[in-house]
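The values are calculated or read from the model by the stated rules, or taken from the named source; none is laboratory data. Note that the structure is a prediction, hence the values are computed from the model and not measured. Neighbour counts are summed over all protein chains in view; Cβ atoms, including those assigned to glycine, are modelled from backbone coordinates with ideal geometry. Heavy atoms of the whole protein, side chains included, go into the accessibility calculation; ligands, DNA and RNA do not. Shrake-Rupley method; radii C 1.70, N 1.55, O 1.52, S 1.80 Å.
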Amino acid sequence: ASAGPVWSISSLHGRELVNDGSCRDRSRMHSSWRYDARACVDGAPAWLLEGSDSTTGVALIASHAGLVAALSVDSGREYWRLQLAGRVDAPVSVCLSTAGGEVLGCVGSYNGTVYFIRVADGSVAWEYHTGAEVRCMACVEHGERGIVWCGSHDRCLHALSVKELPGQCVFKLQCQGSIMSTPVCVRPSTAPLSDIGGEAQATRSLVVVASQDGVVRALAERADDTPDRLQYRRVW
């Protein structure tokens, strides 16, 4: 079989690319810096911007070696690193503890633990044990409640609250299969609520999760007489 086209990428302001192995302005990409994560990095870095300039900021990376690190986007300088007990497959999610206003990185590992790490210094603010491997990225629900949704090989979807630290698990959905993919939070403005019924109209969001039993499930917040207690029901 004939070899496929060789692609090149321009490093200057998105110049037009051609598939014959050359760029029209003859520019080439080059590595600005390199960082040794000691093993495979499967997940995309989480990028925290420090200002309006999109070339500055901090990248959070995690690797199969159980290494989580905060790096300067400009120089690759390591701000801190944290060694976890298990392998990490997924990207780091970023959330906010509304109590102290701390920025947290959330990541799960093969030892069944979800870690909430302070981005400022790399210390562990809280950890939650699911009991089985956590291989998917956590989904941060937008809003003031500080809810982070995370799936696990324990066949459960866990709703973790970081409104106060240490946090707590406020809801758990039992599925019939392991959860490998990231749950999705859908805001009410975009959720198709017209066919769900009156009770769901008051929900702030829908949470959709897929599991290895071949089923996709959607959750909606249930109206409750106790506002501080989160309750969800399966919509479909």
Using a 1.4 angstrom probe with every protein chain in place, what is the largest-first accessible-area order of TYR128, TYR79?
TYR79, TYR128
So how much accessible area does TRP33 have, in Å² to the nearest 10, using a 1.4 Å probe?
90 Å²
Ordering of 104-112, 83-91, 171-179 by packing [mean C-beta count within 10 Å, highest first]
104-112, 83-91, 171-179
Rank these by accessible area, largest first, 1.4 Å probe: TYR232, TYR35.
TYR35, TYR232
What is the set of long-range amide H partners of LEU84 at a cut-off below 5 Å, with H atoms built 1.01 Å from backbone N?
LEU67, VAL68
Expected field for ASP42, accessible surface area in Å² at 1.4 Å probe radius, rounded to 10, holds 90 Å²
Return the FRET efficiency for the residue pair TRP47, GLU102: r is the Cβ-Cβ distance, R0 is 25 Å, and the value is rounded to the nearest 0.05.
0.85
Collect residues whose amide H, placed 1.01 Å from N in the peptide plane, falls under 5 Å from the amide H of THR130; neighbours closer than 5 in sequence don't count.
THR113, VAL114
Phi angles of the range 30-40, converted by Karplus (6.51 cos²θ - 1.76 cosθ + 1.60, θ = phi - 60°) into ³J(HN,Hα) in whole Hz with x for Gly and Pro, give 9, 7, 7, 7, 9, 9, 8, 8, 6, 6, 4
